[in-house]
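These notes concern the structure reproduced below.
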Amino acid sequence: MAKRRGDIILTTIIQLISLGAIWGSSFLFLRIASPIVGSLVITDARVFLGASVLLTYALVAKRKLTKEFPLHRIIILAITNCAAPFALIAYAETHLTAGLGAILNGTAPLFAALLNFIVFKQNYKWYQYLGIISGICGVAILVFGNSMSVSIDSKFAVAAVLLAAFFYGIGGIYASHFFKGCRPINMAFFQQLTAAVLLLPLAIWQFNPIMPSIHIILVILALGIVCTGVAYILYFNLICSVGAAKTLTVMYLVPVFGVLWGFVFLHEKLFWSELIGLVIILFSIFLIYYQRKAPQR
């Protein structure tokens with residue numbers, strides 16, 4: 001029994017690390033391909049490929065895809081949780097390093113906590129308020145302490161990533177309130193498919209008829225198939241096996257891997273402001289989402 005429990009824990013850890021590494025690599029791929037093919041084109045290709053992988057998975061696993069929600073709700077979710085943040089991050093990665101983009105995007109849980117506090121008047125523990133305040137400080141260090149934010153393009157790029165994180169916060173809260181009881185694979189597939197349809201006119205407008213290199217095509221395929229489709233499948237499997245709370249610990253790994261892949265493959269420099277900001281933001285997320293166990297009697 002103990003051996004089986006140990007195997008389950010080890011499998012969960014491997015899956016969490018794999019998911020963090022995959023999602024972290026998306027910033028690397030965007031940094032490589034976005035300046036070449038355009039942010040809107042690569043975003044539309046990404047969500048289309050992601051939806052295709054989810055559809056294939058559902059067919060192979062014999063899981064019926066059914067629309068369990070009104071169309072207007074899935075459109076809102078597709079915009080806030082997929083199309084808008086994906087496109088904003090893809091644009092930002094034409095000017096920012098993969099590592100900085102990943103760290104800034106890691107503020108999404110902070111925005112979700114802020115929105116819950118402002119809109120729904122959610123009460124927090126003292127250490128959760130401390131997490132929100134420290135998270136804001138971490139963002140300030142990143143924005144004002146990094147030399148890349150000096151140029152106007154970099155300022156817009158930083159704002160774009162933070163806006164993307166804000167959209168993720170909205171999308172997460174919207175999903176938790178209006179998609180209760182829905183099967184995750186249904187929600188993810190229709191979200192990706194709807195985003196692909198909504199982004200298609202913009203992608204056509206930005207499309208460059210010059211054929212990209214094989215290298216760039218492989219990067220786009222990896223971004224859509226692995227970082228979107230496969231990552232969502234892995235994410236759902238984790239939710240089903242260990243629950244949403246434990247699965248959300250992956251949020252600590254994504255910015256770390258984003259920095260790591262940028263350093264290893266693109267030889268990006270890591271500024272002290274980025275390192276300090278990363279540590280503070282991860283600490284703030286821990287404080288916000290930390291759940292104290294009730295004392296046993």
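Here, each number is a calculation from the coordinates, and none is a lab measurement. Every value quoted in this text rests on a predicted model; they were computed, and no experiment measured them. Neighbour counts run over all protein chains shown; Cβ positions are idealised from the backbone, glycine included.
PHE27: net charge of surrounding residues, Cβ under 14 Å, Lys/Arg +1, Asp/Glu -1, itself excluded?
-1
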For a quick check, take a GNM of the chain with Cα springs below 10 Å and name the residue from VAL47, VAL242, VAL279 with the largest mean-square fluctuation. VAL242
Could you list the square roots of 5 times each eigenvalue of the Cα gyration tensor of the chain, that is, the equivalent ellipsoid semi-axes, sorted largest first and rounded to whole Å? 28, 26, 20
So which helices of the chain fit the span-like rule, where a helix is a whole DSSP H run, its Cα atoms reach 27 Å or more along the axis, and its mean Kyte-Doolittle is at least -1.0? 2-37, 39-60, 126-145, 152-178, 184-206
Most exposed to least, judged by fewest other Cβ atoms within 10 Å, CYS227, CYS240, CYS137 sort to CYS240, CYS137, CYS227
Can you put PHE166, PHE265 in order, fewest other beta carbons within 10 Å first? PHE265, PHE166
Go through LYS64/LYS246; LYS180/LYS246; LYS246/LYS269; LYS125/LYS246; LYS125/LYS155 and tell me which ones have a Cα-Cα distance over 22 Å in this structure. LYS64/LYS246; LYS246/LYS269; LYS125/LYS155
Within a Cβ distance under 13 Å of ALA157, other residues only, what is the Lys/Arg minus Asp/Glu net charge? 0
May I ask you to compute the full-extension gain from HIS72 to PHE265, defined as 0.36 nm times their residue separation minus their alpha-carbon distance, rounded to one decimal in nm? 65.4 nm
Regarding region 92-241, what are the three Cα extents along the principal axes, ordered largest first, in Å? 55, 46, 28
Checking LEU110, LEU248, LEU260 against a Gaussian network model of the chain (alpha-carbon springs below 10 Å), the top fluctuating residue turns out to be LEU248
Spelling it out for THR94: with amide H atoms placed in the peptide plane at 1.01 Å from N, the residues 5 or more places away or on another chain with amide H under 5 Å from its amide H are none
Order of LEU49, LEU96, LEU202, LEU221 under a 10 Å beta carbon neighbour criterion, fewest first: LEU221, LEU202, LEU49, LEU96
